[in-house]
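Shown next, in structure tokens, is the structure this report addresses.
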Amino acid sequence: MTFATKTSALSTRTLAGLRRATATTRGAAKREKAAARGGPSHLSSDPRYEAMKQIMFQEEPRQLPKLTLEDVERHQTILRAVEVVRMEDRRERRGERQRKFDAMESAYEALEKVDPRLYKAACVKEANVVFPRQMRVPTETPAKKIWDYLE
């Protein structure tokens, strides 16, 4: 009795699962036989595999040199200096964002004083607006259809 006749009454999903299971057990059996023979377990017949393995793993990995107390102190000083620079950059970016937000708030206040109707229109959230996906992708050539960001 063949595999197809044994499983003819099973659903397609069950058949796919059975085929996958038998394929993996066959592959595992081949790998076990190759390992028992002392051959590669990946069943590669490519002779370059052995050459690559010898080139990559012929020498023991180098050990890092032992650091003296001065070297450790120098390393820690450099790490602290890098952290200080990063903190200053974060502080600068945070200040820039705050200045932009303050400018936006003052613009809203000025707009509210000048024209309350425009202020309300500016504060309304548009439905289904997803910022990055609605932008035009930059290209080397102009588009056939001119992009209108107000659409």
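Read-outs throughout are calculated quantities, based only on the coordinates presented, and are distinct from any laboratory measurement. The shown structure was predicted, so the numbers you read here are calculated from the model rather than taken from an experiment.
Tabulated values for the structure
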{"read-out": "At 0.890 mPa s and 25 °C, Stokes D of segment 40-117 from Kirkwood alpha-carbon radius, µm² per second", "value": "125"}
{"read-out": "Phi to ³J(HN,Hα) by Karplus 6.51 cos²θ - 1.76 cosθ + 1.60 over segment 110-123, Hz, x for Gly, Pro", "value": "5, 5, 5, 6, 6, 8, x, 5, 5, 4, 5, 5, 6, 8"}
{"read-out": "Those aspartates and glutamates that a straight Cα-Cα span of less than 18 Å connects to residue 120, excepting residues fewer than 8 apart in one chain", "value": "105, 109, 112"}
